[in-house]
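Below is one structure, written out as structure tokens, with a few remarks after it.
The values are calculated or read from the model by the stated rules, or taken from the named source; none is laboratory data. If you're wondering where the values come from, they're calculated on a predicted model, not measured in any experiment. Note that each Cβ is placed from the backbone with ideal geometry, even for glycine, and that neighbours are counted across all protein chains shown. Quick note on the areas: whole protein, heavy atoms, side chains included, nothing else; ligands and nucleic acids left out. Shrake-Rupley method; radii C 1.70, N 1.55, O 1.52, S 1.80 Å.
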Amino acid sequence: MDVATALKQRISTRAFLDTPVSEAEVRAILDEARWAASGGNLQPWRVKVVAGEARQRVIDAVQAKLATDPFTNEADFPVYPESLWEPYRSRRYQVGEDMYALLGIPREDKGARLAHLMANYQFFGAPVGLFFLIDERMNPNQWAHLGMFMMSICLAAEARGLASCMQEAWTPHSKTVAGALGVEAPEIVYCGMALGYADTSAKVNQLRSRRAGIDEIAEFEGF
Ligand SMILES: Cc1cc2nc3c(=O)[nH]c(=O)nc-3n(C[C@H](O)[C@H](O)[C@H](O)COP(=O)(O)O)c2cc1C
């Protein structure tokens, strides 16, 4: 698969088959993604990959927290600015509305919307979960580079016929996840990712998110 195809074909997959993914397959993906660039070649990333019992341990820990203490936000940073401004506010709203329209879940059906959100905490059924760790002493610069590593994983997975979904949904529960995974300071859990084979029959996987046009995001000069 060429890069352009992988870039256009990759989506956030939110329903997976329970078909297992071998450790060898995940290793092969990471072996490709580790060539992602980073400033000063710091490679400011580490990743915990969980399947089977380890995956279930994380799910159980977060489910227990959700049952007793759902609103405590354990994130080391605000996932979004407190009040988003345009055009970001509308973009965020739009993708949510597009998804719920596709699924036929109206705004008033808070229960169904919540149930959809909660599927995050089962990795949307994916057999493999990844958690991205960063040293808390790193600067915003290094966080950006961790993101490039994550995207490289998504593209490498795509090229191998696997699907992914990055998951900041885990971030408000990052200390619970860290506890379940044995992650200790100065490392913190940034974000999760679901990895597996897409359930192509699931409606949610038909969602194609929109993108701003080139002239909205780029300015050209001197050509
Ligand atoms: C860092 C990051 C975290 C994300 N976290 C979640 C998440 O927790 N749950 C979810 O359903 N989608 C999550 N997404 C997916 C975004 O909503 C998605 O990338 C965006 O709407 C564009 O859609 P696409 O990935 O299908 O192209 C995340 C994406 C990124 C890059």
Can you sort Trp170, Trp85, Trp45, Trp143 by solvent-accessible area, 1.4 Å probe, largest first?
Trp85, Trp143, Trp45, Trp170
How large is the accessible surface per residue of the chain, computed with a 1.4 Å probe and reported in Å² as a whole number?
58 Å²
Check each of the GluC sites (Glu not before Pro) in the range 138-223 and keep only those in coil by DSSP with at most 12 other C-beta atoms within 10 angstrom; list them in order.
Glu184, Glu219, Glu221
Lys203: which aspartates and glutamates have alpha carbons under 13 Å from its alpha carbon, excluding same-chain residues fewer than 8 sequence positions away?
Asp98
The range 42-100: Kirkwood hydrodynamic radius (Cα pairs, Å) comes out at 15.2 Å
Give the accessible area for Thr5 in Å² (nearest 10); use a 1.4 Å probe, count only protein heavy atoms, and leave out ligands, DNA and RNA.
60 Å²
Checked the range 1-129 with the C-alpha gyration tensor, a ≥ b ≥ c its square-rooted eigenvalues, rounded below a/c of 1.5, otherwise prolate if a/b is larger than b/c and oblate if not; verdict rounded
What is the calculated FRET efficiency for Glu32 to Val95, with r their C-beta to C-beta distance and R₀ = 25 Å, to the nearest 0.05?
0.35
Relative packing of peptides 106-114, 201-209 - highest average C-beta neighbours within 10 Å first
201-209, 106-114
What FRET efficiency comes out for Ala144 versus Glu187 if R0 is 22 angstrom and r is the Cβ-Cβ distance? Round to the nearest 0.05.
0.80
For Lys175, go through the lysines and keep the ones whose alpha-carbon is under 24 Å away, minus same-chain ones fewer than eight residues off.
Lys48, Lys65
Ranked from the most accessible area to the least, with a 1.4 Å probe and all protein chains present, what is the order of Ser12, Ser174?
Ser12, Ser174
In terms of the charge dipole of the range 1-104, which places +1 on Lys and Arg and -1 on Asp and Glu at the beta carbon, the residue among Gly104, Phe71, Leu42 farthest towards the positive end is Leu42
Work out from phi, with θ = phi - 60° and the Karplus expression 6.51 cos²θ - 1.76 cosθ + 1.60, the ³J(HN,Hα) of each residue of the range 165-182, listed in order in whole Hz, and give x for Gly and Pro.
8, 5, 9, 7, 4, 6, 4, x, 10, 5, 6, 5, 4, 4, x, 5, 9, x
Viscosity 1.567 mPa s, 4 °C: Kirkwood-radius Stokes-Einstein D of the range 107-189 over Cα pairs, µm²/s:
89 µm²/s
Using a 1.4 Å probe over the heavy atoms of the protein chains, calculate the carbon and sulfur portion of the accessible area of the chain as a whole percent.
54 percent
Peptides 48-55, 73-80 ordered by average Cβ neighbours within 10 Å, highest first:
48-55, 73-80
In Å², nearest 10: area of Leu30 left accessible to a 1.4 Å probe
40 Å²
Figure the gain on full extension for Ala24 and Phe77 (residue separation times 0.36 nm, minus the Cα-Cα span) and round it to one decimal in nm.
15.7 nm
GNM top mover of Thr13, Thr200, Thr68 - the chain, alpha-carbon springs below 10 Å:
Thr68
With the Cα gyration tensor of the chain giving a ≥ b ≥ c as the square roots of its eigenvalues, does the rule (a/c under 1.5 for rounded; else a/b larger than b/c for prolate; else oblate) give rounded, prolate or oblate?
rounded
Dipole magnitude (debye, nearest 20) for the range 23-179, charges at Cβ of Lys, Arg, Asp, Glu
60 debye
Just from its helices, what would the mean residue ellipticity at 222 nm be for the chain, if runs of 4 or more DSSP H residues each count -39500 (n - 2.57) and the sum is divided by every residue, rounded to the nearest 500 deg cm²/dmol?
-12500 deg cm²/dmol
